[in-house]
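Here is the structure we will look at, set down as structure tokens.
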Amino acid sequence: LGQPYAPLMVAVNPYTAEVLASRLWGQTARSWLLQLHSQLHLGRRGWRLVGSLGLLLAFSAASGLYLWWPGFRRLPQAFRFRTAAGLACLSVDVHRWLGLLGSTALLMLGLTGFGLAYPGVGETLVGTSGMGHGDDGPSVRSTGQAMGGRPVGLAEAVLLARGPFPRSDVRLVTTPDGPEGTYRITFRQPAELNDRHPMTAVWIDPHSGQIREVRNALRFGPGETALTAIWPLHTGELLGGWGRFAWFLAGLALPILYVTGLLRWLIARGSVPDRPVAWVRGRRLAARARLALRHLIA
């Protein structure tokens, strides 16, 4: 398909074995949005572009914190919020407060996004390889020697792979790619950090049925364990439901940060005049909106 990641997603009735749905990744609304988010539907070039933008986001958040830091003596003044000092001061205060509240999440989102787009950078730092997802994972080849004259089927490969991890959940099955390809059965062990993309896997030779390689995520060293945490840290799921909600709010804060930053710059250069904020008018509009909402509910 020319895509870096496009597995077949099949929904099967566990009682009747009936195939309920069969779609490729990218053909559903959710997977289409995920492709837009991760690669802008531009393939490998999109991955690299999004990863570079993630690094710029982290640099923007870090530089914003550096520029904000007022020193310990003026620290109490840095947390003020002026509502009656005009549009320029209000834009600065909103920008500062949103930046402070969301800086940690934005730094994590930017750095982990870069790590997902460029897995080789993290692997080089910790001295490992094959820690990426999809085609970026390790390449384990078949011996090409058939035993019994019949290749190993999909169900047999899964059964054989369960040997090292009998109590783990099967999360992904990758079929052999070409005559030297192997089955890769991905499991999730109960104690793994990464729930959506676990790293435990078994490679099965489709000709001989032999286990070619086993990867046990619970036996990773500190560096490899840190790499497995990149995905759940990027999505916020590593921090639970509240963590995902905080990441969601940080994402919503980004356009407000850009708008307030641009507004402050336009005011400073004289393109937009500084003027008092019409809080009274805003309260009236909010009151009318609440009244209209009550009528709709009634």
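Brief remarks on what is shown
- Between helix 29-39 and the chain: long-axis angle, C-alpha atoms, 0 to 90°, nearest 10: 80 degrees
- Trypsin sites (Lys or Arg not before Pro) lying in DSSP loop within the stretch 199-271, provided at most 13 other Cβ fall within 10 Å: Arg269
- In the stretch 25-84, chymotrypsin sites (Phe, Trp or Tyr not before Pro) in a DSSP loop with at most 14 other beta-carbon atoms within 10 Å: Phe72, Phe81
- 222 nm mean residue ellipticity, helices alone, for the chain (DSSP H n ≥ 4; -39,500 (n - 2.57); rounded to 500): -16000 deg cm²/dmol
- Rounded, prolate or oblate (a/c below 1.5 giving rounded, otherwise prolate when a/b exceeds b/c) for the stretch 174-298 by Cα gyration tensor: prolate
- On a per residue basis, the chain carries 63 Å² of accessible surface, using protein heavy atoms and a 1.4 Å probe.
- Heavy-atom surface analysis with a 1.4 Å probe gives the chain a carbon and sulfur content of 62 percent of its accessible area.
- Rounded to whole Å, the principal axis extents of the Cα atoms in the chain read 85, 54, 34, largest first.
- Dipole of the chain, positive direction: furthest Cα of Leu293, Val277, Phe187, with charges on the beta-carbon: Val277
- Extreme residue, positive dipole direction of the stretch 115-234, given options Gly127, Gly209, Gly223 (C-beta unit charges): Gly209
- Overall size of the stretch 1-139 from C-alpha positions, given as principal axis extents largest first: 67, 38, 30 Å.
- If you take the alpha carbon atoms of the stretch 101-235 and fit the smallest convex hull around them, that volume is 107 Å³ per residue.
The values are calculated or read from the model by the stated rules, or taken from the named source; none is laboratory data. Note that the structure is a prediction, hence the values are computed from the model and not measured. Because the Cβ atoms are built from the backbone with ideal geometry, glycine has one as well, and the counts that use them run over all protein chains shown. Surface accessibility is based on the protein's heavy atoms, side chains included, excluding ligands, DNA and RNA. Shrake-Rupley method; radii C 1.70, N 1.55, O 1.52, S 1.80 Å.
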